[in-house]
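Structure, as structure tokens:
The values are calculated or read from the model by the stated rules, or taken from the named source; none is laboratory data. The structure presented is a predicted model; accordingly, all values stated were derived computationally and were not measured. No Cβ is skipped: glycine too gets one built from the backbone with ideal geometry, and neighbour counts run over all protein chains shown. Side chains are part of the model used for accessible areas, which takes the heavy atoms of the whole protein and leaves out ligands, DNA and RNA. Shrake-Rupley method; radii C 1.70, N 1.55, O 1.52, S 1.80 Å.
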Amino acid sequence: MTDLVSQPAPDPAAEHAERVEHRWATFAVAIIVLLVAVATFAAFYHTAVPQARVETVNPRTLHLAGEFIESNLGSALDADGSVTVRVIGEQYSFTPSCILVPTDTPITFRMTSADVVHGFLVDGTNINLMLVPGYISSLGARFDAPGERLMPCHEFCGVGHEGMWARVRIVDKAAFVALATRRRRLSCVE
Ligand code: CUA
């Protein structure tokens with residue numbers, strides 16, 4: 001007696017498709033597992049090894065004493081020829097609102113926020129920082145050519161966020177040094 005209910009012949013195309021699907025599914029799962037592993041490692045690593053250097057500052061007394069009092073804001077020519085720029089961000093402006101820096105000079109930005117988190121970004125460069133109340137954000141920079149660049153706040157900080165921006169004016173090094181002999185702190189606020 002012959003078996004009337006015979007198995008359908010295996011379709012090689014369908015089998016191949018199934019194998020390919022299997023392979024890609026495995027690949028997708030592997031990516032997820034890898035991402036989870038990386039995130040887990042980073043979380044534990046950063047908890048175990050905090051940042052080497054964290055500078056704090058009291059946002060309530062910025063205007064009363066210390067590095068960020070009003071008379072100390074702006075650009076300062078240091079004894080070693082480098083320039084330190086101190087800036088405060090607060091709803092909804094930067095102080096000073098026009099930052100003056102020289103060309104071909106190592107520049108250190110030291111900034112903080114007086115209220116909420118703001119963003120500091122110099123258009124057309126890779127200068128990009130968060131200004132977090134209670135902490136000093138510091139970044140080294142150098143400008144090759146004179147010019148003027150926009151400096152918008154890039155972190156939503158409230159209803160006036162889109163109106164919060166300033167300028168960076170880069171001037172010739174000799175011109176900057178000449179100005180610095182006359183004034184202790186420089187800016188291009190008119
Ligand atoms: Cu400050 Cu957005």
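Rounded to the nearest 0.05, the FRET efficiency derived from the C-beta distance between S82 and R53 at R0 = 22 Å is 0.75. Can you give the percent of C-alpha pairs in the stretch 62-137 whose distance is more than 15 Å? Of all Cα-Cα distances in the stretch 62-137, 55 percent exceed 15 Å. A cut-off under 12 angstrom between Cβ atoms defines the neighbours of F94, and their net charge, with Lys, Arg +1 and Asp, Glu -1, is +1. Rounded to the nearest whole Hz, the Karplus-based 3J(HN,Hα) values (6.51 cos²θ - 1.76 cosθ + 1.60, θ = phi - 60°) of the stretch 62-71 follow the sequence 4, 7, 9, 7, x, 4, 9, 5, 4, 5, with x at glycine and proline. Taken one residue at a time, the phi angles of the stretch 107-123 give Karplus couplings (6.51, -1.76, 1.60, θ = phi - 60°) of 10, 10, 8, 10, 9, 8, 10, 8, 9, 10, 6, 10, x, 10, 8, 9, 3 Hz. Gly and Pro are set to x. Sequence gap at least 6, Cα distance under 8 Å: using those rules, report the relative contact order of the stretch 6-159 to the nearest whole percent. RCO, the stretch 6-159: 18 percent. Across the accessible surface of the chain, with the other protein chains kept in place and a 1.4 Å probe, carbon and sulfur atoms take up 60 percent. For the stretch 138-177 versus the stretch 21-77, the spacing of their alpha-carbon centroids is 23 Å. Can you compute the label reach from R60? Point 7 Å from Cα along the Cβ direction, backbone N cut-off under 16 Å, restricted to the stretch 119-133. Output list for this probe position: 133. Taking every DSSP helix (H) stretch of at least 4 residues in the chain, weighting each as -39,500 (n - 2.57) and dividing the sum by the residue count yields a mean residue ellipticity at 222 nm of -8500 deg cm²/dmol. The angle between the Cα long axis of helix 173-182 and the longest principal axis of the Cα atoms of the chain comes to about 50 degrees, rounded to the nearest 10.
Here the 3J(HN,Hα) profile of the stretch 23-29, calculated from phi with Karplus coefficients 6.51, -1.76 and 1.60 at θ = phi - 60°, is 4, 5, 4, 4, 4, 4, 5 Hz, Gly and Pro shown as x. Extension gain for the segment H16 to F41, taken as residue separation times 0.36 nm less the Cα-Cα distance, is 5.3 nm to one decimal.
In this calculation the C-beta distance from R142 to L179 is compared with R0 = 22 Å, giving a FRET efficiency of 0.70.
Using a 4.7 Å Cβ-Cβ cutoff, the cysteines of the chain lacking any partner cysteine are C153, C157. Over the chain, the Kirkwood radius and the radius of gyration, each from Cα atoms, give a ratio Rg/Rh of 1.37. Compared with the alpha-carbon gap, the fully stretched path from S97 to V189 is longer by 32.5 nm at 0.36 nm per residue.
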